[in-house]
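Q: Structure incoming, see below.
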Amino acid sequence: MHSLFATKDDLYITLAKVCVLLFVVLTVNAYLTWFERKVVAHIQSRWGPHRVGPHGLLQPLADGLKFFFKEDPTPAGVDKFVYHLAPLLALALALTSIALIPFGPDPIRWHGHDIYLGIAPLNLNVGILALFAITALGVYGVALAGWSSNSKYPLLGGLRSSAQMISYELTLTMSVVGVLLMAGSFNLRDIIDAQARHPERGILGWNVWPQILGFFCFFTAAVAETNRVPFDLPEAESELVAGFHTEYASFKFAMFFIAEYTSMITVSCLCTIMFFGGWLSPFPASWTFTHYLPSVILIPSGLWVIMDGFHYETLFGRIVLPGIGTAITALGLALIVLPHQYNEFIQAPFWFLSKVLLFLFVYVWMRGTLPRFRYDQLMAFGWKLLLPASIVNVILTSFVILAKMQWGHP
Amino acid sequence: MTTVETVTGTEKTMVLNMGPQHPSTHGVLRIVLELDGETVVKAVPDLGYLHTGIEKSCEDKTYSQVITLTDRMDYLNPLGNNLAYCLAVEKLLGLEVPRRAQYIRVMMVELQRISSHLVWLGTHAIDLGAMSVFLYCFREREEILKIFEMFSGQRMMTSYIRIGGMALDPPPGWRQAVQKVLDMMPSRVDEYEELLTQNPIWIRRTKDIGYISPEDAIALSMTGPTLRAAGVPYDNRKVFPYSSYEEFKFDVPTRTESDCYARYLVRVAEIRESLKIVKQAMEKITDEGPINAEAPGIIPPQREKMKTEMEALIYHFKIFTEGFSPPPGEAFVAVESPRGELGCFVASDGSPKPLRVHFRAPSFINLQALPKLVQGQLIADVIACIGTIDIVLGEVDR
């Protein structure tokens, strides 16, 4: 069995991977707020952040700094230990769950070591179970925050979210059972590989088609699980002020914030893996010319950023934006010019990230469009509609699989 | 009497203090809620956080100076407040306002109604989590405020309607500006409806929420869209027409469900009706004609006349130093504000300052239905109910 720390080098490599992933996730988190604000702004015919840095690109940095320098008062009468523990717990669990996600199939060879993209060991045969176990613990952060704040709005927010997260947890788990049955494994890599059984089918081989019902149940439950619009009741601003984190300020608030966005990323990754073929390309394997798609997208968008940069209002923007554009274009060109294996290597992460980005966009899109459910309606929706639907999905899937085994269809 | 102090809670219930600082109490309204879980057992509104003493201040101003105070009462409907006050004083003086000025008044007040309903729709939508509708509504409201600025030089506190007529003639190019809004609005209202009217979440959040029977609504003397959504077609513009409303063709939208959804539909329909009225008013307003009544000593004389006529100069001096004195007596006039029946009572003792000015504020009176509306509902519904009563705290507390 492949062990995480077979040698000392493996330990160092894992530690390095943790640091890199942490850095990447936190940066992506920061820019996810920028992305969200920008997209929602354009949905609402506004500009969004555009003062700090070109196109507001330094806004996340400014926000982060602000979080650090804000006063961090502890309200009177709080349960101090739990009050401080809650944000830590929320953040730690959210970050742990992302460690179990594999980001690409092929290792990077480096000094005789195969470095895989993702922290979890290759053959973690409880992958999805472990992931659900960790995300399920996430409710503690929210519930404890609501309880320990010694304030009524957080209390209501905490209660709401405990009920909501526990109910939707059930649907979340049930809705992926169909996928697990089809793949015959809990391992996230095996689930992706199972979707590549017929490389010629491309996008048609993905789980989303036979599991369309499961997918809808999963995605809805996932939105509820991450407390996002239209299920953002725990922090429903217009009702509960800020819900469970009303009494948190400064960096402790930032921790909740990062935790929420990290869970958004995790859930988008899961959706991609379970239903949208993970890192698989949507095109049939024989269409090798589609391997140049990353370059085809990168080069024009890089050139566009350069063009846009030249016309930007501020001098800083006219320097920085063309720089970024040049980097993007250079990357695109490099993929064509450099030896073939580099381009092949980039395919998997490229598709994985594209799909994750698509899901994140859907999250933001919903926020810009939908009103909010009421608490009891949310519960009724979860228990009376989503859960039965996902159970029906499990029964149907098992029936079809059994029938195939019985009558020997391939 | 139910006061805030009587809400103490029991072993099973919790007392939640909503407001005066709360994102969706539309200002500084405070409601003390007694909750069983999230269900409201008892709700008691607590008012007075925005008390400015406007009515009392009126007694220390001349009749013309009061107009600027009325602007600041219901800050989403300044022109309507101006109108109610001016009509009351005109009644006291027995002034006949020229037709042209009356049409301009109607047009401006209806534009104001649209802008007020837009603010209502936007804030109500954001209360229920539909964030984008809020910004769409404010985008259109901005266009209407630009028209106000064009007419009077002010976006909100216009003081455009004056005793005996208008402050200024309509500016050049006003027809194009108003026509632009008329052309734009119907499709924009469709856009809001597209996002909300058939939206299953929106329907779930508003349908059968905050029901009040027509009998109760009348007993609580509710007026405006809230009453019309209960099926009572009471509209001052139809029942007691003022300012030439009898010449305009428009419908009074009513619903019978009397829930938050019905109130939403009534207000959206009212936006469309107001557009009709604005269109008719635009056709009726002639390019030439007087905008002020023939009443020397009450209407400030024109600049040119002051330079040639001694009389005009004396009147000007008298009006701006002392004011004018209506005969002793009382007058009450009610207009239809976006929120309901806005009444203005003015009493004169023959001096240049009013003896008493009182406003029958629709927000204040409709608000007393709130405890009834939210009884037995959830916290989230309290927000929806406050929203659909459409209160403006500046008017509630005056």
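Q: In the set A:Val28, A:Val24, which member is under 17 Å from the mean Cα position of the chain (by Cα), part of a helix (DSSP H, G or I) and without any contact (Cβ under 8 Å) to a residue 24 or more places away in the chain?
A: When all the criteria are applied, what remains is A:Val24.
Q: Sticking with this structure for a sec: Going through the stretch A:57-93 one residue at a time, which ones are part of a helix (DSSP H, G or I) and exposed (fewer than 13 other Cβ atoms within 10 Å of the Cβ)?
A: A:Leu65, A:Lys66, A:Phe68, A:Phe69, A:Lys80, A:Phe81
Q: Another question, if that's okay. Mind listing whichever residues of the stretch A:253-278 are in contact with a Pro (Cβ under 6 Å, 6 or more places away or on another chain) and either open to solvent by 20 Å² or more (accessible area, probe 1.4 Å) or modelled with pLDDT under 80 (or both)?
A: Listed by number, the list holds a single entry, A:Met255.
Q: To continue, here is another question. Return the only residue of A:Thr173, A:Thr96 being open to solvent by 20 Å² or more (accessible area, probe 1.4 Å), closer than 18 Å to A:Leu387 by Cα, among the polar types (S, T, N, Q) and modelled with pLDDT of 85 or more.
A: That would be A:Thr173, the only listed residue that is open to solvent by 20 Å² or more (accessible area, probe 1.4 Å), closer than 18 Å to A:Leu387 by Cα, among the polar types (S, T, N, Q) and modelled with pLDDT of 85 or more.
A quick yes/no check of all residues on (1) within 14 Å of chain B (Cβ to nearest Cβ); (2) more than 25 Å from the chain's Cα centre (by Cα); (3) open to solvent by less than 70 Å² (accessible area, probe 1.4 Å):
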site	(1), (2), (3)
A:Leu298	no, no, yes
A:Val320	no, yes, yes
A:Tyr342	no, yes, no
A:Lys355	no, no, yes
A:Pro371	yes, no, yes
A:Ala380	yes, yes, yes
A:Lys384	yes, yes, no
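Q: Any residue in the stretch B:210-231 that's of a type in the set (Asp, Glu): show its pairings with residues that are surrounded by fewer than 24 Cβ atoms within 10 Å (Cβ to Cβ) at Cβ separation under 8 Å, as long as the two are six or more apart or on different chains.
A: Listed by first residue and then by second, the contacts come to B:Asp216/B:Ala369; B:Asp216/B:Lys372.
Q: Answer yes or no: is there a residue in the stretch B:15-29 that is over 12 Å from B:Val382 (Cβ atoms) and more than 31 Å from the chain's Cα centre (by Cα).
A: For the stretch B:15-29, residues over 12 Å from B:Val382 (Cβ atoms) and more than 31 Å from the chain's Cα centre (by Cα): present.
Q: Now a separate question. What's the number of the only condition in (1) more than 23 Å from B:Leu16 (Cα to Cα); (2) surrounded by 14 or more Cβ atoms within 10 Å (Cβ to Cβ) that B:Ala384 fails to meet?
A: (1)
Q: Specify which of the listed residues (B:Asp287, B:Asp190) is without any contact (Cβ under 8 Å) to a residue 12 or more places away in the chain, over 28 Å from B:Phe364 (Cα atoms) and either within 14 Å of another protein chain (Cβ to nearest Cβ) or part of a helix (DSSP H, G or I) (or both).
A: B:Asp190
Q: Now, a different point. Which residues, counting only those in the stretch B:21-38, are more than 8 Å from every other protein chain (Cβ to nearest Cβ), under 22 Å from B:His51 (Cβ atoms) and open to solvent by less than 10 Å² (accessible area, probe 1.4 Å)?
A: B:Thr25, B:Leu29, B:Ile31, B:Val32 - these are the residues of the stretch B:21-38 that are more than 8 Å from every other protein chain (Cβ to nearest Cβ), under 22 Å from B:His51 (Cβ atoms) and open to solvent by less than 10 Å² (accessible area, probe 1.4 Å).
Q: Now a separate question. Can you list the helices (runs of 4 or more DSSP H) found entirely within the stretch B:200-271 that contain at least 1 residues being under 21 Å from the mean Cα position of the chain (by Cα)? Let's see the steps before the verdict.
A: Values: elements: B:200-206, B:214-219, B:225-228, B:236-239.
In the stretch B:200-271, the matching helices (runs of 4 or more DSSP H) lie at B:214-219, B:225-228, B:236-239.
Every residue, every condition in (1) at pLDDT below 90; (2) within 14 Å of chain A (Cβ to nearest Cβ); (3) open to solvent by less than 10 Å² (accessible area, probe 1.4 Å), yes or no:
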{"residue": "B:Ala88", "(1), (2), (3)": "no, no, yes"}
{"residue": "B:Leu95", "(1), (2), (3)": "yes, no, no"}
{"residue": "B:Gln102", "(1), (2), (3)": "no, no, no"}
{"residue": "B:Val109", "(1), (2), (3)": "no, no, yes"}
{"residue": "B:Ser116", "(1), (2), (3)": "no, no, yes"}
{"residue": "B:Val133", "(1), (2), (3)": "yes, yes, yes"}
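Q: Would you tally the residues in the stretch A:31-56 being touching a residue at least 24 places away in the same chain (Cβ under 8 Å) and open to solvent by 30 Å² or more (accessible area, probe 1.4 Å)?
A: Looking only at that region, the number is 5.
Q: Write out, first by first residue and then by second, each pair whose Cβ atoms fall under 9 Å of each other, whose residues are 6+ apart or on separate chains, and whose first residue, in the stretch B:153-169, is closer than 24 Å to B:Gly394 by Cα while the second is among the basic types (Lys, Arg) and open to solvent by 60 Å² or more (accessible area, probe 1.4 Å).
A: Every condition considered, the pairs that remain are B:Arg155/B:Lys146; B:Met157/B:Arg72.
Q: Now, a different point. In the stretch A:322-339, what residues are open to solvent by less than 70 Å² (accessible area, probe 1.4 Å) and more than 26 Å from A:Arg51 (Cα to Cα)?
A: Hits for the stretch A:322-339 are A:Ala330, A:Gly332, A:Ala334, A:Leu335, A:Pro339.
Q: Could we say that A:Arg201 is open to solvent by 40 Å² or more (accessible area, probe 1.4 Å), among the basic types (Lys, Arg) and in a helix (DSSP H, G or I) here?
A: So A:Arg201 passes the test.
Q: So is A:Trp407 modelled with pLDDT of 85 or more, open to solvent by 20 Å² or more (accessible area, probe 1.4 Å) and hydrophobic (A, V, I, L, M, F, W, C) or not?
A: no
Q: Sort out which residues of the stretch B:349-398 are within 13 Å of chain A (Cβ to nearest Cβ) and assigned to a loop (DSSP other than H, G, I, E, B), and write them in order of number.
A: Scanning the stretch B:349-398 gives B:Gly376, B:Gln377.
Q: Taking into account only those residues within the stretch A:363-410 that are small (Gly, Ala, Ser) and assigned to a helix (DSSP H, G or I), which is nearest to A:Val176 (Cα to Cα)?
A: In this case the residue turns out to be A:Ser390.
Q: If the requirement is being touching a Gly at 6+ places or on another chain (Cβ under 6 Å) and either outside the structural domain of A:Arg374 (by TED's automatic domain parsing) or farther than 25 Å from A:Gly104 by Cβ (or both), which of these qualifies: A:Ser161, A:Ser175?
A: Just one listed residue meets the conditions, A:Ser175.
The values are calculated or read from the model by the stated rules, or taken from the named source; none is laboratory data. Here the structure is a predicted model, which is why all the values come from computation and not from measurement. Ideal geometry is used to build each Cβ from the backbone, glycine not excepted, and the neighbour counts take in all protein chains shown. Areas reflect the complete protein model, heavy atoms only, side chains present, ligands, DNA and RNA absent. Shrake-Rupley method; radii C 1.70, N 1.55, O 1.52, S 1.80 Å.
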